[in-house]
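First up is the structure itself, then whatever we jot down about it.
The values are calculated or read from the model by the stated rules, or taken from the named source; none is laboratory data. Quick caveat: nothing in here was measured; it's all calculated off a predicted structure. Cβ placement follows ideal geometry from the backbone for every residue including glycine, while neighbour counts extend to all protein chains displayed. Side chains are part of the model used for accessible areas, which takes the heavy atoms of the whole protein and leaves out ligands, DNA and RNA. Shrake-Rupley method; radii C 1.70, N 1.55, O 1.52, S 1.80 Å.
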Amino acid sequence: MCRPIACLNTAYKASTGTLTMQLMHQVEAKEDLPEEQKALRKGRRGCLDALTIDAATTAEAAMNQRDLSIGWVDYQKAFDLVPHAWIVKVLKAVRAPSEVRKAVERLMPDWKTNLAKEGTKMIPVQLKRGFFQGDSLSPLLFCLCVAPLSHELRKGEGFKSKYQQKAVTNLMFMDDLKVSPSSAKPDTPYVCRVNTRRTRGARQD
């Protein structure tokens, strides 16, 4: 089933916008979003940043004739798969302001949508997992929910550049993930194991 982007009213967007500002202020102060996540970076061009790192990495590998393993992961219906219980758990883990966490917990039971066929309204559909799309809060919540995957991938060897202190293990832009395992020997089973575990958890209600 394809879930359309919700048509949210102005009052809802204004309310969640306030929650977003409070949560983002803490997230930026505590650096809860991994550096590998290039989306939602205030004052930065995240997509261009990711493309620059990608271009520099591949160019260095080609110039020095080094092995480079790359994998791309694009989750199908990513915003629709995150369990509400996981959202609450993540907000507790990052120690989000209590008023933000309680507000999100109160909002989730009311996440419903109405389907219509030829002008006739059908029964409301309760969203038991995933986010509403159309406000500023859902992208931030989603990025926090997938942040543990990036932290886990950091444990890999990654591609070690001669010009950077940190190895490049993964790059993320919202739900798009690029993985760079060991440059010498691809640890593909490790990457697959991590993604399988995270995907299985995301599908649980």
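Please work out how much accessible surface Ser15 shows to a 1.4 Å probe, ignoring ligands, DNA and RNA, in Å² rounded to 10.
Per-residue accessible area (Ser15): approximately 70 Å².
Starting from the residue with the highest accessible area, list Ile70, Ile123 in decreasing order, probe 1.4 Å. Let's see the in-between values first.
Values: Ile70 55, Ile123 135 Å².
The residues order as Ile123, Ile70, largest area first.
Within the set Lys30/Lys112; Lys13/Lys102; Lys30/Lys102; Lys77/Lys102; Lys92/Lys155, which residue pairs have Cα atoms separated by over 22 Å?
On the way: Lys30/Lys112 33 Å; Lys13/Lys102 17 Å; Lys30/Lys102 20 Å; Lys77/Lys102 26 Å; Lys92/Lys155 24 Å.
With Cα atoms farther than 22 Å apart: Lys30/Lys112; Lys77/Lys102; Lys92/Lys155.
What accessible area per residue, rounded to a whole number of Å², is obtained for region 77-172 using a probe radius of 1.4 Å?
Numbers: 5280 Å² over 96 residues.
That works out to 55 Å² per residue.
On each of the three principal axes of the Cα atoms of region 98-171, give max minus min coordinate, whole Å, ordered largest first.
62, 36, 18
So for the pair Asn64, Ser15, with labels modelled 7 Å out along Cα→Cβ, what separation do we get in nm?
Distance between the two pseudo-spin positions: 5.4 nm.
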